[in-house]
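The values are calculated or read from the model by the stated rules, or taken from the named source; none is laboratory data. All values derive from a computational prediction rather than experimental measurement. For neighbour counting, all protein chains shown are included, and Cβ atoms are generated from backbone atoms with ideal geometry for every residue, glycine included.
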Amino acid sequence: MAAADPVPEGALVLIAGAGRLPMLVADSLNRARRPFRLIALRGFTDRSLRARADATVDLLDLAATLKLLRRWGPAVVVPAGGVARPSPAAIFNAAAALRNRETLRAIAGGGDDRLLRAALALVEEEGHRVLGVHEAAPDLLCPEGRLGGLGPDQAAAASIRTGRGVLAALSPYDLGQAVAVSGDRVLAVEGPEGTDRMLSRARALGRKPFGLGRALPATVLVKAPKLGQDLRVDLPAVGPRTVRNAARAGCVGLALEAGGTLVIDRAATAVEADRLGLFVVGYGAAP
């Protein structure tokens, strides 16, 4: 994947959703000595990070968010962390919900990605530049090469080639970002259910009934972004939990597109992979 453009100078605003990613991005910005302001999303942002926020807004209160951005005048806005359909805590502010009736109607029949893309479009219409985590905190991305102490053997390398070819072929059809393969056999392709559930299907397909017997040899999880994917909204990610689920599915390792896959807690991910006897490797050149 091509290197991201340098983050422009000027004010930066981090909009923090759920999970550990916003905290990791904040830490990365601090390491880079990049000043930033933090907007927390009520009902999503972790409590410890919310305590550090410059402002807290409701997910649906786009007017309040845009007002803050106009006042701060940021050069760039970086969304990080998950959001789902609004939780009770996220829409508790009835005034915000009333001010955003059109937003409520717009997301009623759409998914989470639709909500995020619509919000980012509004931010850009106001003249702010929106960057993804991969641009603002590139040190969180998977590097090329091994992350832990193990690497793929010849059989696993063949599985990786198959997986990369499958993902490249499926990319124009807007399917998932991951595939589980054994040699030249495809066990499962990720759909809207996500990587963890895909791995559960791969485990069932790769073993005898009731989970008995050995997994198919050289089973590998291969993960990469889709062609033309908006990485600001849907950046592929793995972490220690992914490694554990891959081990349960009988995988011998994970192969990730270097520079295009986020690694949550890289050190912990590498330690977990070594503990379970799996490799985690980043690949760069086209197959």
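Filtering region 132-142 for residues that are touching a strand residue (DSSP E or B) at 6+ places or on another chain (Cβ under 6 Å) and of a type in the set (D, E, K, R) leaves an empty set.
Flag: L187 matches the condition of being buried (at least 20 other Cβ atoms within 10 Å of the Cβ) and either of a type outside the set (D, E, K, R) or assigned by TED's automatic domain parsing to the domain that holds V130 (or both). For region 25-84, give me each residue that is over 21 Å from the mean Cα position of the chain (by Cα), at positive phi and touching a residue at least 60 places away in the same chain (Cβ under 8 Å). Passing the criteria: only G73. Within the option set A169, A158, A215, A204, being part of a helix (DSSP H, G or I), over 21 Å from the mean Cα position of the chain (by Cα) and either surrounded by 17 or more Cβ atoms within 10 Å (Cβ to Cβ) or in the same structural domain as W72 (by TED's automatic domain parsing) (or both) holds for one residue only, A158. Residues of region 103-129 that are buried (at least 20 other Cβ atoms within 10 Å of the Cβ) and at pLDDT 60 or above: L115, A119, V123, H128. Scanning region 161-187 for residues that are within 17 Å of T242 (Cα to Cα) and among the β-branched types (V, I, T) yields a total of 2.
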